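J.: Quick one: this structure, given as structure tokens, is what I'll be asking you about.
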Amino acid sequence: MIDKKKLTERDICSKYITPALISSGWDLLIQIREEFPLTNGRIIVRGQLHTRAKNKRADYVLFYKPGIPIAIIEAKDNNHTLGDGMQQGLNYGDMINVPFVFSSNGDGFLFHNSIAKDAKIEKEITLEEFPSPEILWKMWCAHKQITPVQEAIITEDYYSDGSNKTPRYYQLLAINKTIEAVANGDNRILLVMATGTGKTYTAFQIIWRLWKSKTKKRILFLADRNILVDQTMTNDFKPFGSAMTKISKRQVNKSFEIYLSLYQAVTGTEEDQNIYKQFSPEFFDLIVIDECHRGSAADDSNWRRILEYFSGATQIGLTATPKETQEVSNTDYFGKPIYTYSLRQGIDDGFLAPYKVVRIDLDKDVTGWRPDKDMTDKYGNVIDDRIYNQKDFDKSLVLDKRTELVAKKISDFLKQTNRYDKTIVFCDNIDHAERMRQALVNENSDIAATNNKYVVRITGDNEEGKMELDNFIFPESKFPVIATTSKLMTTGVDAQTCKLIVLDQRIQSMTEFKQIIGRGTRINEDYNKFFFTIMDFKKATELFADPDFDGEPVVIYEPKSGGSPVPPDDVEGGTIPTPPDNGGNGEPDGNGGDVPIIKKFYVNNVSVSVIAERVQYFDVNGKLITESLKDYTKKTLEKEFASLDDFLTKWSDADKKKLIIDELANEGVFFEALAEEIGKDLDPFDIICHVAWDKPPMSRKERAEQVKKRNYFTKYGEQAQKVINALLDKYADVGVEPIEETKILTIQPFTDYGTPIEIIKIFGGKAQYEEAVKQLERAIYSS
């Protein structure tokens, strides 16, 4: 007789839950997914280091068909009650939008049916009573009033490359909601997904399923950048094979089923240039518009003309930024989004990279500058006598020293972090981008002299630069490293390894701001890209305060004059005066704008300097912390721990102190910043006790010395004493977290005592070694 009370949670799953599912008709290989990952765990940035919070993982997700989740099961061991996992299961159920949630401890199931009519929402059922896939699916179809015709569309298979890869949970939601909307007859659909969350892959699966089910037979995919079309064809859309073509050279071949096109390739100012009219208005069944915020939102846009011509087709808009301006919104055309996955959600789930902000304000930007009477620029032109400010710089007035200082600050940052980190510098116009390129070349002459691709200008007018765009994007290509641009790289550039985004461009559009931020949000673990930095010279990041923005930074740092541009693990400061608003003259961005060119003055003999600034912190909800960091931390800790004794108990009982440290860091406790303020070699334990309960802090070295004075090591044999002593020394140097991991045994001086397995055997086995580490920690914190 098996004693269930002694079984682990996984034992309960394998011996009771999985067999119950199989006997009810669920296919183990196709429909049952155990330990199904929902999120990756938010990336927590600590100075130049990072760690991940715990990811969310459902014990079971049940799929009616691959890609169509219908139920969650949350399991517990038999020392829990039947329903102890229900609350957790309901949270997961909400995430993936399934109607049925089960909780089990191996004795049976608690069944939560959110669509139950005239019945209890929750009831207990036996292991043998678990409902079959068909029963749950029929209940779901009846609730949603899905007809057999609609069911055939909704249940069409996802594309699979045979790897059993499942789209991420939010991609499943976006795809399935869109397919359902089409099946219901909706013809105008908007999907909002943050940059870097896989919009194109999501679009591919939508098109694939509608195409395979023959719901939509001829499909047009529109984008506004050639590189987007080419990347789409060779990557996500590759499975369409010979059924797919790209409309190019203004030629139309009507023998294909999937068409991809640059919208400029099928439109023009003259009627005979409107290539799309070679197709009949009924030719396409489905049109998908990528980055639809750029054209379809405006009533008079070229995209809108195409959409209106094919008005009978189902039209799906994809964007990361649904609003173009306060007056013009693509929601006016498509309606409200049927699904939104925001930048904030992507960062919280760990699918997108968080970021820091370095704000650098220059004296002339803040106070403005006025020329002396009859002052001439470097070309002998008399400078108009007025006050010039941030609106004017690099547009109607160029201060060479300002450009040089910006280039120096960018270069200083890279020299202190990594000079080969991919960097995009957004400038106000093409002329500004070229001057910035020159200044950066001069600041990095040692590398630029050996490779002229270290810094390149990538703008719409420069073919040589545009040819380098693929190399900049390609992770394995070392050069170019720094790209200066104005508008060309604001959207559609999938720069997975970009770690620094520089804003020396005056940005007023929230849409443009979000798109630029999106250039850095992708994670690439193979190239150690887990977070990125925004260096802001023109107050663009003040748009963080806009309520429409949905993803605040980890921290905003503003270096003092002459200080390092790299955040030192974050310190506080004062506030910035707002520059006078004296108006300013416009200038085209170099990408075909209609704003008339105005005269520009070039001044090379006016000094520019960095002024002292402040640091801003944001809490876990993205709200600005307005109180002192210590006061904020104290309030946070008081929410977590009822008293000092409560904290001491939880700290002592924790199997690994790292778990508490990570949890508090995830709740917004800035350990590095506090250590900078109180004492650099303080343990998180002492930081917490000092800030929350005013206990005098001890340094790690002081704690280690106290342990040594107690003759602590005498209870161990000679070899074990050496290991414990080395662990204590490591604690004094780097803290408690590293000594809790057995991989520390792979480095010096531990390698002198043997391999990790040999060292563990000295203590009698892994359990005894881990217990020795716990006892060492108790000795460290006994004071």
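J.: Of the GluC sites (Glu not before Pro) in the range 468-530, which ones lie in a loop per DSSP and count no more than 10 other C-beta atoms within 10 Å? Please list the in-between numbers first.
T.: Numbers: sites: Glu468, Glu476, Glu512, Glu525; in loops: Glu468, Glu476.
In loop regions of the range 468-530 (DSSP not H, G, I, E or B), the sparsely surrounded GluC sites (Glu not before Pro) are Glu476.
J.: Below 18 Å Cα-Cα, how many Lys pairs turn up in the range 189-246? Only count pairs eight or more apart in sequence, or on different chains, if you could. Display every interim value, and only then the final one.
T.: Numbers: Lys199/Lys238; Lys212/Lys238; Lys217/Lys238; Lys217/Lys246; Lys238/Lys246.
Within the range 189-246, the lysine pair count is 5.
J.: Ignoring ligands, DNA and RNA, what accessible area per residue does the range 92-246 give at 1.4 Å, in Å²? Mind dumping the intermediate values first?
T.: Numbers: 6680 Å² over 155 residues.
Per residue, the range 92-246 has 43 Å² of solvent-accessible surface.
J.: Less than 24 Å apart at the alpha-carbon level, and either on another chain or at least 8 residues along: which lysines does that give for Lys76?
T.: Excluding near neighbours in sequence, the set is Lys4, Lys5, Lys6, Lys15, Lys54, Lys56, Lys120, Lys123, Lys650, Lys656.
J.: Count the lysine pairs in the range 366-427 whose Cα atoms sit under 18 Å apart, keeping only pairs 8 or more residues apart in sequence or on different chains. If you can, show how the numbers build up before the last one.
T.: Numbers: Lys378/Lys395; Lys378/Lys401; Lys391/Lys401; Lys401/Lys409; Lys408/Lys422; Lys409/Lys422.
Step by step, the pairs that qualify in the range 366-427 add up to 6.
J.: Residues with amide H under 5 Å of Tyr339's amide H, sequence separation 5 or more or different chain, H placed in the peptide plane at 1.01 Å from N; which?
T.: Counting only residues 5 or more places away or on other chains, the set is Val192.
J.: For Val502, enumerate residues with amide H under 5 Å from its amide H, sequence gap 5+ or separate chain, H modeled in the peptide plane.
T.: Here Ile424, Val425, Phe426, Met535 satisfy the definition.
J.: For Thr746 and Glu128, what does the FRET efficiency come to when R0 = 45 Å and r is the distance between their Cβ atoms, rounded to the nearest 0.05?
T.: Working: r = 50 Å, r/R0 = 1.11.
The value I calculate is 0.35.
J.: Continuing with this model, one more query. Does the range 315-430 classify as rounded, prolate or oblate by the C-alpha gyration tensor (a ≥ b ≥ c root eigenvalues; a/c under 1.5 gives rounded; else a/b over b/c gives prolate, otherwise oblate)? List each step's numbers first, then the result.
T.: Details: a/c = 3.27, a/b = 1.63, b/c = 2.00.
The shape class here is oblate.
J.: Rounded if a/c is under 1.5, else prolate if a/b beats b/c, else oblate: with a ≥ b ≥ c from the C-alpha gyration tensor eigenvalues square-rooted, which is the range 38-156? Write out the running numbers ahead of the final one.
T.: Working: a/c = 2.60, a/b = 1.36, b/c = 1.92.
Verdict is oblate for the range 38-156.
J.: Same structure again: Quick check for you: which residues of the range 8-42 have the amide N under 19 Å from the point 7 Å beyond the Cα of Ala767 toward its beta carbon?
T.: 8-11
J.: While we're looking at this one, here's another question. Can you tell me the length gained on complete extension of the stretch Asp11 to Asn442, counting 0.36 nm per residue apart and subtracting the Cα distance? Could the numbers behind the result be given before it?
T.: Details: separation 431, 0.36 × 431 = 155.16 nm, distance 6.47 nm.
Length gained between Asp11 and Asn442: 148.7 nm.
The values are calculated or read from the model by the stated rules, or taken from the named source; none is laboratory data. Since the model is a prediction, treat every value here as computed from it, not as a measurement. When we count neighbours, we look across all protein chains shown, and the Cβ atoms used for this are built from the backbone with ideal geometry, even at glycine. To get the accessible areas, we keep the full protein, side chains included, count just its heavy atoms, and leave off ligands, DNA and RNA. Shrake-Rupley method; radii C 1.70, N 1.55, O 1.52, S 1.80 Å.
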